[in-house]
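One structure, as structure tokens, below. Some questions next.
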Amino acid sequence: MNATSAVATAVTFVWLGMVLAISFLEAPLKFRAPGVTIPIGLGIGRLVFRALNAVESVFAVVVIAAVAVPGAPAWIIGLTAAVAVFLLAQLAAVRPSLNRRSDRVLAGEDLPRSRGHLWYVALELLKAAALLALGIGLLTV
């Protein structure tokens with residue numbers, strides 16, 4: 001394993017760990033904490049996911065740069081592209097509507113549960129699976 005592959009592998013697994021810890025552990029648990037109301041949970045979630053998405057964007061650039069070297073296997077490039085597309089879909093297609101909705105809830109509107117969250121979670125599951133496959137794949141090249 002060369003240095004570029006080692007960096008891509010490390011970043012991929014750190015990224016996967018962050019997604020699993022924040023999206024599938026912290027996010028649902030914060031609403032079960034005593035005293036955490038929906039508006040407080042939404043406010044915390046917006047801050048946490050804004051930070052996560054910023055770090056993910058940097059990680060995506062690092063991984064893309066690391067695998068954009070001559071000789072990288074096509075399937076590694078494909079998995080990298082898949083991860084980037086899932087992240088881009090979350091940031092460009094789902095997050096804006098979730099932000100508008102949370103603005104309304106924070107302004108006091110009583111709204112039903114959002115389907116946007118289901119889309120975000122579905123993309124998060126796909127992204128996590130692609131990150132796992134990419135990380136394992138990078139260990140083998």
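Span-like helices, the chain: DSSP H, alpha-carbon axial extent 24 Å or more, mean Kyte-Doolittle 0.5 or greater, which ones? Working shown, then result.
Numbers: long enough: 3-21 (27 Å, 1.78); 38-67 (41 Å, 1.79); 115-140 (38 Å, 1.26).
Membrane-span-like by this criterion, though nothing is claimed about a membrane: 3-21, 38-67, 115-140.
Based on the alpha-carbon gyration tensor of the range 60-138 and its eigenvalue square roots a ≥ b ≥ c, which shape applies: rounded if a/c is under 1.5, prolate if not and a/b is larger than b/c, or oblate?
Working: a/c = 4.50, a/b = 2.84, b/c = 1.59.
The shape class here is prolate.
Here's something else I'd like to know. Compute the signed sum of charges (Lys and Arg +1, Asp and Glu -1) over the other residues within less than 14 Å, Cβ to Cβ, of ALA84. List each step's numbers first, then the result.
Working: positive: LYS127; negative: GLU56.
Result for the local shell: 0.
Here's something else I'd like to know. Calculate log10 I(q)/I(0) of the range 13-54 for q = 0.14, 0.21, 0.27 Å⁻¹, where I(q) comes from the Debye formula with a single equal point scatterer on each Cα and nothing for solvent.
-0.32, -0.65, -0.93
Now a separate question. I'd like the Kirkwood hydrodynamic radius of the range 39-97, using the inverse of the mean 1/r over distinct C-alpha pairs, in Å.
Numbers: mean 1/r = 0.0779 Å⁻¹.
For the range 39-97, inverting the mean 1/r across all distinct Cα pairs yields 12.8 Å.
Can you order the peptides 126-138, 68-80, 26-38 by their average number of other Cβ atoms within 10 Å per residue, highest first? All intermediate terms of the calculation are to be shown ahead of the outcome.
Numbers: 126-138: 20.1, 68-80: 13.5, 26-38: 11.5.
Put in order of decreasing packing, that is 126-138, 68-80, 26-38.
For the chain, what is the Kirkwood estimate of the hydrodynamic radius, computed as the reciprocal of the mean inverse distance between distinct Cα atoms, to one decimal in Å? Don't jump to the answer; show the numbers that get you there.
Details: mean 1/r = 0.0621 Å⁻¹.
Its Kirkwood hydrodynamic radius stands at 16.1 Å.
Can you tell me which of 8-16, 53-61 comes out highest on packing, and rank the rest after it, using the mean Cβ neighbours within 10 Å?
Working: 8-16: 20.9, 53-61: 15.2.
The peptides rank, most packed first, as 8-16, 53-61.
Calculate the length of the line joining the C-alpha centroid of the range 32-61 to that of the range 64-141, in whole Å.
Result: 15 Å between the Cα centres.
With labels modelled as points extended 7 Å from the Cα through the Cβ direction, what inter-label distance (nm, one decimal) is found for ALA6 paired with ALA21?
Taking the two extended label points, one gets 2.3 nm.
None of the figures in this text is laboratory data; all of them are computed from the coordinates on show. These figures come from a predicted structure and were not determined experimentally. No Cβ is skipped: glycine too gets one built from the backbone with ideal geometry, and neighbour counts run over all protein chains shown.
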